[in-house]
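Single-structure report; data block below.
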Amino acid sequence: MTELPKAYDFHDYEEKIYRDWESKGYFKPWNDPNKLGFDPTIQPFVIVMPPPNITGALHLGHALFVAMEDLIIRYHRMKGEPTLWVPGTDHAGIATQLQVEKQLAKEGLTKADLGREAFEQRVWQWKEQYGSQITQQIRQLGASCDWERERFTLDPGLSRAVREAFVRLYEKGLIYRGPRMINWSPGLMTAVSDLEVEYSEEPGTLYYFKYMLADGSGKYIPVATTRPETILGDTAVAVHPDDPRYQKLVGKQVVVPIIGRAIPVIADDYVEREFGTGALKITPGHDPHDYEIGQRHNLALINILNKDATLNENAGPYAGLDRFEARKKLWEDMRAQGLVIKEEPYMLNVPRSMRGGEIIEPLVSTQWFVKMDSLAQKAKAAVEAGEIIFVPERFTKIFYNWMDNIQDWCISRQLWWGHRIPVWYCQDCGETIVARETPTQCPKCGSDRLAQDPDVLDTWFSSGLWPFSVFGWPDETSDYKYFYPTSVMETGYDIIFFWVARMIMDALEFTGKAPFHTVYLHGIIRDENGEKMSKTKGNVIDPLELMDAMGTDALRFTLLVGSTPGNDMNVS
Ligand SMILES: [Zn+2]
């Protein structure tokens, strides 16, 4: 006879019990549309898991959502409802591509050395090798999801959903391609959306200088800028129409320092007379406000930057220099010519890339966009009508506010890993073909020389379809008919705009239904000082270590009792 151990050791049980439950099908809904005896009249309870990135290493945020969703799921399962929790992972465009590029760098290779196809294969290999780590760890957390229904955002089925969504929006005129002011990440060498830019207050300098009149009178207009290098792309100087200081100069020409290009002085009531010198340099190519002024006044648009943020040929003698070197050099040269007035310390609102941290450059580039207005208004109306509620309730107002001020969404990314844009260009007649199936012939001229758009879609484009694409949409599968719409969306409040809002907009547009009736938002887990956990700060608590030391139940219990909806939680 074996002796009964004196203390409970979770190491002996957790994994064994989980395996036992999973193998016996306890995590599957008892009422299943694909099985005999299915009763379609019984209302199921459904959650789709926020798909972790395949690059992800388990962190406390994962542990929190798993504990929370598992709690909700088990509660409904115990109430006897047919309960389904759909797991899956996200291909995470930029994040994954960077991982594989890093791996290649160790072999002395770049993605260009491999070429697109071989690189994509390499990423798939990487996914096979590492992509399931995160789902293994989620099992370790005890997540009682239906692993037979696991999905990946680049699965063939989900890829078909992405194409369907793109083509439908295009056919409705809600997707367009055009040159627009976008956020350019020189580090990642791709466009990023407004949401991927973080603004940080940083001390900087306001540079005052002279815009000399072109008439040789020696008179000048004083102008200030925080980014002198953009002077090289100026196409006007704007003053307020009622400003007595400058009124008589409107219509005259001034000269761009160093490169000597003549540009007009224009009047626009966007200019604040009290701010700075009351005169604004206008760089439509590199500032969103100036871009709009440029549109109003039909100004030329000059791009001075290469993709890596060095200056291009439009920058004259500064071509080839890095943007910050060029700033210094140009300012020195202007000083030598007597064009500098003064410098002043100034608090800047610097746009930085959420991922790389480098300074984002606003520039005009031809990209694909989704028109968001009508989608957003539908989403707002659904929430107003009570079809979707937010927990905690205070996020409703934040949601409305964003829906009312929404901007068009830049969805193209200059990456290789992701859903390739389903658009082909005829190399003979220039026809643009947007299609669900890869075309072999140009419908206009019959040519077979078709080139697909090289860009891929923003990762969040496919994430937005997640609540219904996991069930086989656009096909009306039995799973789709029974399990969709889902019940609760549980996720962090930090991705309410990235993800929750887009799921709501997409679902209403494509399925005509709200994707879930309740959005439960949890807070962010911070360290003991309330700081966000990050590898660089070294304050990350590894849930795997905690689980190994104290057991999964202890960790889950701690996270659940310590958190309230929508509020951050400090853990030490
Ligand atoms: Zn053609």
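The values are calculated or read from the model by the stated rules, or taken from the named source; none is laboratory data. These figures come from a predicted structure and were not determined experimentally. Neighbour counts run over all protein chains shown; Cβ positions are idealised from the backbone, glycine included. For accessibility, only protein heavy atoms count, side chains too; no ligands or nucleic acids. Shrake-Rupley method; radii C 1.70, N 1.55, O 1.52, S 1.80 Å.
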inquiry  = Just to be sure before I move on: is P362 away from the ligand (no atom under 16 Å from the Cβ) and surrounded by 13 or more Cβ atoms within 10 Å (Cβ to Cβ) in the structure I sent?
reply    = yes
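Restricting attention to segment 529-569, which residues are in contact with a strand residue (DSSP E or B) (Cβ under 7 Å, 6 or more places away or on another chain) and under 29 Å from Y8 (Cβ atoms)?
G562, S563, M569
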message = What pairs come out if I take residues in segment 307-321 that are of a type in the set (D, E, K, R) and pair them with residues that are at pLDDT below 95 and open to solvent by less than 40 Å² (accessible area, probe 1.4 Å) whose C-beta lies under 8 Å away, six or more apart or interchain?
response = K307/W184; K307/P186; D308/P186
request  = For V470, indicate whether it is touching a Leu at 6+ places or on another chain (Cβ under 6 Å) and either among the aliphatic types (A, V, I, L, M) or free of Cβ contacts under 8 Å to residues at least 24 places away in the same chain (or both).
outcome  = no
ask   = Are any of the residues in segment 208-230 free of Cβ contacts under 8 Å to residues at least 24 places away in the same chain, within 30 Å of Y246 (Cα to Cα) and among the hydroxyl-bearing types (S, T, Y)?
value = yes
ask   = Looking at (1) under 24 Å from F498 (Cβ atoms); (2) aliphatic (A, V, I, L, M); (3) surrounded by fewer than 16 Cβ atoms within 10 Å (Cβ to Cβ), can you tell me which one M347 breaks?
value = (1)
message = Need pairs with beta-carbon distance below 7 Å; first residue small (G, A, S) and within segment 488-512, second open to solvent by less than 10 Å² (accessible area, probe 1.4 Å); sequence gap 6+ or separate chains.
response = G492/L521; A501/A379; A501/F399; A507/P467; A507/F468; A507/P515
query = Looking at segment 446-459, is at least one residue modelled with pLDDT of 95 or more, of a type in the set (K, R), open to solvent by 40 Å² or more (accessible area, probe 1.4 Å) and over 15 Å from D155 (Cα atoms)?
reply = yes
task = Collect the residues in segment 470-498 that are among the aromatic types (F, W, Y) and at pLDDT below 95, keeping them in residue-number order.
result = Y493, F497, F498
message = Take the conditions open to solvent by 80 Å² or more (accessible area, probe 1.4 Å) and in contact with a strand residue (DSSP E or B) (Cβ under 8 Å, 6 or more places away or on another chain) and apply them to K378. Does it pass?
response = no
request  = Taking the options V383, V391, name whichever one is surrounded by 18 or more Cβ atoms within 10 Å (Cβ to Cβ) and either in the same structural domain as V519 (by TED's automatic domain parsing) or under 21 Å from H522 (Cβ atoms) (or both).
outcome  = V383
ask   = Before we move on, is P52 open to solvent by less than 30 Å² (accessible area, probe 1.4 Å), under 30 Å from E528 (Cα atoms), out of contact with any Cys (no Cβ under 7 Å at 6 or more places or on another chain) and not aliphatic (A, V, I, L, M)?
value = yes
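Table: residues versus (1) outside any helix (DSSP H, G or I); (2) open to solvent by less than 40 Å² (accessible area, probe 1.4 Å).
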{"site": "K248", "(1), (2)": "no, no"}
{"site": "V265", "(1), (2)": "yes, yes"}
{"site": "K281", "(1), (2)": "yes, yes"}
{"site": "H289", "(1), (2)": "no, no"}
{"site": "L299", "(1), (2)": "yes, yes"}
{"site": "N303", "(1), (2)": "yes, no"}
{"site": "D308", "(1), (2)": "yes, no"}
request  = Sort out which residues of segment 521-572 are surrounded by 13 or more Cβ atoms within 10 Å (Cβ to Cβ), out of contact with any His (no Cβ under 9 Å at 6 or more places or on another chain) and part of a loop (DSSP other than H, G, I, E, B), and write them in order of number.
outcome  = G523, I524, D527, N539, D568, V571
task = Tell me, please, whether a residue that is modelled with pLDDT of 95 or more and within 16 Å of the ligand (Cβ to nearest atom) can be found in segment 393-402.
result = no
inquiry  = One residue is enough: does segment 165-174 have a residue meeting the conditions assigned to a loop (DSSP other than H, G, I, E, B) and closer than 29 Å to T283 by Cβ?
reply    = no
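For segment 334-354, does any single residue satisfy the condition of being farther than 26 Å from I411 by Cα, among the acidic types (D, E) and free of Cβ contacts under 8 Å to residues at least 12 places away in the same chain?
Checking segment 334-354: not a single residue is farther than 26 Å from I411 by Cα, among the acidic types (D, E) and free of Cβ contacts under 8 Å to residues at least 12 places away in the same chain.
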Options Y26, Y8, Y75; residue that is part of a helix (DSSP H, G or I) and not hydrophobic (A, V, I, L, M, F, W, C) = Y75
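Taking only segment 435-475 into account, find how many residues are within 16 Å of the ligand (Cβ to nearest atom) and either part of a loop (DSSP other than H, G, I, E, B) or under 30 Å from F516 (Cβ atoms) (or both).
14
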task = Take segment 484-520 and flag every residue that is surrounded by fewer than 19 Cβ atoms within 10 Å (Cβ to Cβ), assigned to a loop (DSSP other than H, G, I, E, B) and polar (S, T, N, Q).
result = T511
Output for segment 196-236, where each listed residue is open to solvent by less than 30 Å² (accessible area, probe 1.4 Å), under 34 Å from the mean Cα position of the chain (by Cα) and within 19 Å of G276 (Cα to Cα) = G204, L206, A224, T225, P228, E229, T230, I231, D234, A236
ask   = Could we say that I421 is open to solvent by 10 Å² or more (accessible area, probe 1.4 Å), more than 16 Å from the ligand (Cβ to nearest atom) and among the hydrophobic types (A, V, I, L, M, F, W, C) here?
value = no
key: Whichever residue in segment 73-102 is hydrophobic (A, V, I, L, M, F, W, C) and either modelled with pLDDT of 95 or more or within 25 Å of I42 (Cβ to Cβ) (or both) and, among such residues, is nearest to the chain's Cα centre (by Cα)   = V86
